[in-house]
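The values are calculated or read from the model by the stated rules, or taken from the named source; none is laboratory data. Fair warning: this is a prediction, and the values are worked out from it, not measured in the lab. Cβ: placed from backbone, ideal geometry, glycine included. Neighbour counts: every protein chain shown.
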Amino acid sequence: MTAGKPAYYITTPIYYVNDDPHIGHAYTTLACDVLARFKRLDGFNVCFLTGTDEHGQKVEKSAAVAGVDPQSFTDRVSQNFRDLSQLLNFSNDDFIRTTEERHKVSCQALWRKLVAAGDIYLGSYAGWYAVRDEAYYAESELTDGPNGAKIAPSGAECEWVEEESYFFRLSSWGERLQKFYDDNPDFILPPSRRNEVVSFVKGGLKDLSISRTTFSWGIPVPDAPGHIMYVWLDALTNYITAVGFPDEQSESFRTFWPADVHMVGKDILRFHAVYWPAFLMAAGVAPPKRVYAHGWWTIEGEKMSKSLRNALVPAELVATYGLDQVRYFLLREVPFGNDGDFSHKAMVGRMNYDLANQFGNLAQRVLSMIAKNCDGRVPQPGELEAADEALLRAATALLQELRDEFDRQQFHGALTKTWEVVGAANRFIDHAAPWTLKKTDPARMATVLYVLADTIRRLAILCQAVMPDAMAAMLGQLSVDPAARDFAALESRLVPGTALPAPQPIFPRFVEEEAPGVREGA
């Protein structure tokens, strides 16, 4: 924890350990990683949390199928998600597992607060439950499937469950939740998702079953032998466990709670935007500031599915296209919050046009000319012209525009604005034609190259959150001190005479012959 800096707490959902990580998991965590990196560069004290959800009937069944005990099963699969963080260069500050002792203590403390508030009572549950979703559904939400099966909106098959259960008085929270949404209009984003949640709550809430007795893999309910906590009450609590709950006076809790953003997929929005704030407010704990629900990816126009064997494997994507290229594509291709389609053609288009042709070629042209015509050193500029000042101002003013976009989780918009400045720099070099100035006005050539080099420096600093490795290489080619790469350094300028290394391409073009399949093999 860094004293004196504003705090920022961002979380991924904790991922359910019933399967290996896929592009959906990578996408959510990438969005959080980019936001966390951006905030750190902007002087914030960031806590970025991810982890794994390891309890529930689905895990117990999956472990049985695998022929191992649930703890051994979760140990193995949880490690896969840690490996994903390393593969995609995620910068999370903590990785939480719901099987940790700190989490058990936190969950049981929250339960006791809910009991003390009078919001939990003992009853019996009879209704439809989807093991795959770990979710309860009203009969009106279900459709008929093959052989009389009941199918949830997610496509999961439901089973009829009858058991003694503790309930949370969710039905009494409808008006309070509606007032909370009214008072905090940006609590749920994007707006289309907010409308879905508000409509659901206005339709009336029913009390929620929050304990199970038909299986044992979960956190025991305090003072209730045979009962374990409903997996979603368990899972959601991870967000406060990680910052010190139940010690609400701890420095960590007081610094980071309430969370600034819970990033989730649209399929689990209801749990985060209805159940979670109700649990917290009932326990006298502040709800998070925002829940952002993003869309899903299809693959070449088709929904990802095991039957089609078309799930995108993150390791294969990185091996095929490159790490920072994949990071850039996923956040640039579609507005965050919308559904998107991954296609090889679109991926290669972004790599070759946006990265290689526009940004990469800009840097390569400028640095190559400096190497050949300025003795490989940052050139000495003369008096700046209006066009020079305008380009440098645009690169510096970009920071506030990016702050506005990132604060609304609009990564696509942020990158669009960034590439507008990249485009302006390319137009500047084409118009100024330093290759012609070399013969007619060498002093002006030096000024043009200096302005372009410093513009590239500023762009590289601003793009570090999305493409950390590539931008580190680009800043290295400009001999920028690693201590001068945060946003506070934007107002500084390159020092004339600084020796530069021989330029190397940052973004090579993708050659079609290199394209292997990126789908799961047989």
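Observations on the structure shown:
- Entry remark, region 112-136: residues being farther than 18 Å from SER172 by Cα and either without any contact (Cβ under 8 Å) to a residue 12 or more places away in the chain or hydrophobic (A, V, I, L, M, F, W, C) (or both) number 5 in total.
Here's the yes/no breakdown for (1) in a helix (DSSP H, G or I); (2) under 25 Å from the mean Cα position of the chain (by Cα):
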residue	(1), (2)
GLN358	yes, no
ALA371	yes, no
GLU383	no, no
ALA387	yes, no
ARG393	yes, no
THR396	yes, no
HIS412	yes, yes
THR416	yes, yes
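- ALA7 among the aliphatic types (A, V, I, L, M) and surrounded by fewer than 21 Cβ atoms within 10 Å (Cβ to Cβ): yes
- The condition (being in contact with a Pro (Cβ under 9 Å, 6 or more places away or on another chain) and either on the phi < 0 side of the Ramachandran plot or assigned to a loop (DSSP other than H, G, I, E, B) (or both)) is satisfied by just one residue among VAL326, VAL348, VAL334: VAL326.
- Residue count, region 139-158 (criterion: within 14 Å of ASP267 (Cα to Cα) and of a type in the set (A, V, I, L, M, F, W, C)): 2
- Annotation for region 287-303: no member residue is among the aromatic types (Phe, Trp, Tyr), in a helix (DSSP H, G or I) and in contact (Cβ under 8 Å) with a residue 40 or more places away in the chain.
- Of all the residues in region 388-441, those that are within 19 Å of ARG493 (Cβ to Cβ) and of a type in the set (Gly, Ala, Ser) number 7.
- Among all positions in region 458-466, there is at least one residue which is part of a helix (DSSP H, G or I), more than 26 Å from VAL318 (Cα to Cα) and modelled with pLDDT of 95 or more.
- Region 134-144, subset touching a Gly at 6+ places or on another chain (Cβ under 9 Å) and in a loop (DSSP other than H, G, I, E, B), residue surrounded by the fewest Cβ atoms within 10 Å (Cβ to Cβ): ALA138
Let's see how each residue does on (1) surrounded by fewer than 21 Cβ atoms within 10 Å (Cβ to Cβ); (2) assigned by TED's automatic domain parsing to the domain that holds THR255; (3) hydroxyl-bearing (Ser, Thr, Tyr); (4) closer than 30 Å to VAL261 by Cβ:
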{"residue": "LEU49", "(1), (2), (3), (4)": "no, yes, no, yes"}
{"residue": "PRO70", "(1), (2), (3), (4)": "no, yes, no, no"}
{"residue": "ASP75", "(1), (2), (3), (4)": "yes, yes, no, yes"}
{"residue": "GLN79", "(1), (2), (3), (4)": "yes, yes, no, yes"}
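- Matching residues, region 137-166, being touching a residue at least 24 places away in the same chain (Cβ under 8 Å) and out of contact with any Lys or Arg (no Cβ under 9 Å at 6 or more places or on another chain): GLU162, GLU164, TYR166
- Restricting region 313-339 to residues that are among the small types (Gly, Ala, Ser) and at pLDDT 90 or above, the residue that is surrounded by the most Cβ atoms within 10 Å (Cβ to Cβ): GLY322
- For region 479-508, a tally of residues being assigned by TED's automatic domain parsing to the domain that holds ALA460 and touching a strand residue (DSSP E or B) at 6+ places or on another chain (Cβ under 8 Å) returns 1.
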